[in-house]
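Input: a single structure, listed below in structure tokens.
Taken together, the values in this text are just the output of simple stated rules run on the coordinates, not laboratory data. Bear in mind that the values here come from a model prediction, so they are computed numbers and not experimental data. Reconstructed Cβ throughout: ideal geometry from the backbone, glycine too, with neighbour counts over all protein chains shown.
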Amino acid sequence: MRRVRIALLGCGTVGGGLVRLLAAGRERIAASHGVEFELARVLVRDVSRAREGVSPERLTSRVDEAMPDDAEIVVELLGGLEPAGTLVRAALRRGLPVVTANKALLAEHGRELFALARANGATLGFEGSAGGGVPIVRALRGGLAGNRIESMEAVLNGTCNVILTRMEQDGMSFAEALRGAQEAGFAEADAGLDVGGHDAAHKLVVLSALAFGHWAPPSSVNVRGIEAVTPQALADARARGRALRLVASAQRWGAALELSVAPRELPREHPLARAAMEQNVIVVRGDTVGELVFTGRGAGAGPTATAVLGDVCDAVAALPRLEAWMPPAMMRAG
Ligand code: HSE
């Protein structure tokens, strides 16, 4: 069995979810990929706090100790621009495969980071950065290759959708609903990024880069959040047979691309209106394939850790010392 050592940067909601999933899926991963993952080091803010499934000697709060020489894959789940950016750049310069769920970092510096990865023969997996457990990155990168994507409309922020759902269906106040989303581990450390629409904008920038081949600066996205949405506005929409959702939209206008995030009223039967609680929905229109609807849980430990682990398993194939190695499932006959 091949052992692969992971440097895990960040052990919050998603990092903790990944640790649990690595343990729970150990045998399945061994059978399907022929590897056993091991945590080489885990970077956390507070080493005195115990982390389930992580032996204390693996923990460090020192950025310069976060990626030991024997780490073969780096998983960045710190969020935010720094120190995440510095660590990801350092890992890519070492030629290590990096997996990240950091939409803010990718939206701001994606073009540079992918160039750096290419220059150093490293890979950069980012399925967890948009859509949570919905494999939308894979779909846009692989399955839809060759299509000209005309537009994309999506519910991309679980926290906002929980707030809108709870306010409308349970009569909760905005603050109460936000607290619930925070307790469930859906919200960003700075929940202003969620309710202000910026988290959705970051994800839209990432998905647009895949769909349209163009890294739009986050500042070019027209962003309006849900802070001003009132229970009355939701009740009025409901009375008209409509629902309010925070919609991220990317639309081609000739050669130009228009990106926006704003609350929008939609007919109840619209696919985006059907997003409930932390669900994300992404509607993609391709010139050949037509309209596709992707849906699933877009936030939280389980769904996002699933996306991250998928990338980690893919990264194994990119490890240089595995040239002569094949996953057992691929060697079985029939
Ligand atoms: N804060 C994000 C959300 C987490 O609520 O969607 C998942 O990216």
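Averaging 1/r across all pairs of distinct Cα atoms in the chain and inverting the result yields a Kirkwood radius of 20.6 Å. Pairwise inverse Cα distances across the stretch 194-271, averaged and inverted, put the Kirkwood hydrodynamic radius at 13.5 Å. Using Cα pairs under 8 angstrom and six or more residues apart, how large is the relative contact order of the stretch 127-255, in percent? Computed value for the stretch 127-255: 35 percent relative contact order. With both labels modelled 7 Å from their Cα along Cα-to-Cβ, the Arg118 to Thr86 distance reads 2.8 nm. Screening the chain for whole DSSP H helices of 18 Å or more along their axis (Cα) with average Kyte-Doolittle hydropathy at least 0.0 returns 103-119, 198-212, 301-317. Note on Ser260, Ser129: ascending count of other Cβ atoms within 10 Å places them as Ser260, Ser129, the fewest first.
Extension gain, Asp70-Ala24: 0.36 nm per intervening residue step, less the Cα-Cα distance, totals 14.2 nm. Going from the fewest other Cβ atoms within 10 Å to the most, the residues Ile136, Ile29 appear in the order Ile29, Ile136. Secondary-structure-derived ellipticity at 222 nm for the chain, considering helices only, amounts to -10500 deg cm²/dmol, per-run term -39500 (n - 2.57) for DSSP H runs with n ≥ 4. On the basis of the beta-carbon distance and an R0 of 35 Å, Arg148 and Ala175 show a calculated FRET efficiency of 0.20.
Averaging sequence separations of C-alpha pairs under 8 Å and six or more residues apart, then dividing by the length of the chain, give the relative contact order as a whole percent. It comes to 22 percent, rounded to a whole number.
Here the stretch 102-241 is described by how far its Cα atoms reach on the three principal axes: 52, 31, 27 Å, from widest to narrowest. Among beta bridges identified by DSSP and lying wholly in the chain, the antiparallel ones come to about 60 percent. All other residues whose Cβ lies under 14 angstrom from that of Val261 are scored, Lys and Arg at +1 and Asp and Glu at -1, for a net of 0. Using C-alpha pairs below 8 Å separated by at least 6 residues, the relative contact order for the stretch 187-296 is 20 percent. What's the exposure ranking of Thr230, Thr165, going from fewest to most Cβ atoms within 10 Å? Ascending number of Cβ neighbours within 10 Å: Thr230, Thr165. Structure remark: mean-square fluctuation, Gaussian network model of the chain, C-alpha springs under 10 Å; the largest value among Glu269, Glu278, Glu38 belongs to Glu269.
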